[in-house]
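Peer 1: Below is one structure. I have some questions about it.
The values are calculated or read from the model by the stated rules, or taken from the named source; none is laboratory data. It should be emphasised that the depicted structure is a prediction, and the values quoted were computed from it without experimental measurement. Using ideal geometry, Cβ is built from the backbone for each residue, glycine included, and neighbour counts are taken over all protein chains shown. Quick note on the areas: whole protein, heavy atoms, side chains included, nothing else; ligands and nucleic acids left out. Shrake-Rupley method; radii C 1.70, N 1.55, O 1.52, S 1.80 Å.
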Amino acid sequence: MNVEVVKTKFQEKFAAEGELFASPGRINLIGEHTDYNGGFVFPGAIDKGMVAAIRLNDSDKVRAYAIDLDSYTEFGLTEEDAPSEGWARYIFGICREIQKRGGKIAGFDTAFSGDVPLGAGMSSSAALESTFANALNELFSLGIDRFELARIGQSTEHNYCGVKCGIMDQFASVFGKAGHLMRLDCRSMEFEYFPFDPEAHGYKLVLLDSVVKHALVGSPYNDRRASCERVAAVLCQEFLRGATMEQLDAIKDKISEEDYKRARYVIGEEQRVLDVCEALKRDDYETVGKRMYETHWGMSKDYEVSCEELDFLATIAEECGVTGSRIMGGGFGGCTINLVKSELYDNFLTEAKARFAQKYGHEPKVYSVVISDGARRL
Ligand code: GLA
């Protein structure tokens with residue numbers, strides 16, 4: 001992360017030194033579109049994220065500079081002061097959500113920069129949210145607990161950015177721990193850290209970015225969520241979590257074909273997360289990989305959040321003997337996450353790049369990630 005750049009730019013813009021805070025993006029090994037269904041997710045924070053320099057400015061204005069976009073704006077802290085810049089709405093939303101919870105905050109200056117690729121499904125927005133939620137919590141000594149920090153990020157997405165997301169991304173960005181994935185039960189909010197070190201077992205984890213961009217705002221993401229809520233309502237449940245295929249089949253004629261397929265995916269995905277966690281305890285990476293492919297094709301055929309490019313990447317992976325491959329994150333573009341035997345790694349990357357470039361005119365981007373710590377002061 002660009003700590004030095006952030007320091008220097010802050011100095012240039014505000015002629016002072018800021019305090020530094022950072023928060024990561026995330027990967028998710030399995031458990032996609034389960035969070036808002038009250039189910040399980042299995043993410044980990046990564047070594048790519050957001051860094052912000054922040055300094056209180058004794059006013060009621062926020063003066064913010066997005067280094068990567070070379071964009072500067074100022075806004076106040078009341079609801080009428082909402083900035084028009086998309087990126088600034090995340091910071092504004094965090095301020096407002098803290099205030100709604102009774103937190104007393106005031107103006108500050110900030111400059112920030114990130115290295116989470118945008119639109120790649122690695123939660124650059126959650127990294128931004130948790131950076132500011134954590135920083136304001138510390139700088140104003142608000143005493144907000146870490147779950148609430150994650151919820152403040154999630155509410156920011158809901159109320160200021162138009163995405164009715166679940167809690168996974170913000171949770172992972174706040175609670176991340178180096179070398180560990182986290183299985184979170186999104187209904188009870190209980191979670192467990194799982195040591196995760198594929199390299200020690202002869203595997204590598206690599207992300208291939210199709211560079212197809214998704215826009216979740218006002219979007220198919222919210223429609224998916226609405227489908228799930230409709231089915232849960234017919235089942236007289238708060239969440240789809242816990243529903244069985246038998247229960248779903250029993251109400252098949254009361255729901256649309258589309259909602260049925262969406263719910264079928266979610267019910268299958270619940271079990272896959274649990275299977276993967278059990279498999280990891282036995283170092284059974286083959287089962288992990290199988291479930292990843294099942295998730296991919298479930299997301300593609302039933303949940304319909306994949307796209308041609310991502311299906312192509314998963315197919316190449318399968319043909320190269322990659323252990324597991326699937327679309328990662330909300331979908332509609334972005335990355336596949338791949339679990340590859342070390343000895344097949346080079347060949348897989350060569351093949352994937354060449355075949356993808358031949359078909360789409362550009363290579364996929366390749367990211368290797370290290371599982372890292374969550375939101376922190378630097
Ligand atoms: C996005 C959302 C998350 C989650 C994933 C899909 O990343 O922000 O809450 O729903 O999609 O698993």
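Peer 1: Take residues that are within 14 Å of the ligand (Cβ to nearest atom) and tell me which of the strands (runs of 3 or more DSSP E) falling wholly in segment 1-73 contain 2 or more.
Peer 2: In segment 1-73, 19-28, 43-56 are the strands (runs of 3 or more DSSP E) which contain 2 or more residues that are within 14 Å of the ligand (Cβ to nearest atom).
Peer 1: Is it fair to say Ser155 is outside any loop (DSSP other than H, G, I, E, B), within 15 Å of the ligand (Cβ to nearest atom), touching a Phe, Trp or Tyr at 6+ places or on another chain (Cβ under 9 Å) and open to solvent by 10 Å² or more (accessible area, probe 1.4 Å)?
Peer 2: no
Peer 1: Right, next: Determine whether Gly107 is outside the structural domain of Leu310 (by TED's automatic domain parsing), within 11 Å of the ligand (Cβ to nearest atom) and in contact (Cβ under 8 Å) with a residue 24 or more places away in the chain.
Peer 2: no
Peer 1: Here's another thing I want to ask about it. Checking Glu294 against (1) within 16 Å of the ligand (Cβ to nearest atom); (2) open to solvent by less than 20 Å² (accessible area, probe 1.4 Å), only one condition comes out false. Which one?
Peer 2: (2)
Peer 1: Moving to a separate point now. Please work out which one of (1) within 15 Å of the ligand (Cβ to nearest atom); (2) of a type in the set (A, V, I, L, M); (3) touching a strand residue (DSSP E or B) at 6+ places or on another chain (Cβ under 8 Å) is the condition Met189 fails and give its number.
Peer 2: (3)
Peer 1: Right, next: Considering only segment 323-352, state which residues are more than 16 Å from the ligand (Cβ to nearest atom), open to solvent by less than 10 Å² (accessible area, probe 1.4 Å) and over 19 Å from Glu269 (Cβ atoms).
Peer 2: Here is the first cut: in segment 323-352, the residues more than 16 Å from the ligand (Cβ to nearest atom) are 323-325, 338-352.
Retained after the next criterion (residues that are open to solvent by less than 10 Å² (accessible area, probe 1.4 Å)): 324-325, 338-340, 348, 352.
Matches in segment 323-352: Val340, Phe348, Ala352.
Peer 1: Sticking with this one: Go through (1) modelled with pLDDT of 95 or more; (2) within 16 Å of the ligand (Cβ to nearest atom) for Val163 and report which single condition fails.
Peer 2: Unmet condition: (1).
Peer 1: So which residues in segment 295-348 are in a strand (DSSP E or B) and of a type in the set (A, V, I, L, M), if there are any at all?
Peer 2: Ile327, Ile337, Leu339, Val340 - these are the residues of segment 295-348 that are in a strand (DSSP E or B) and of a type in the set (A, V, I, L, M).
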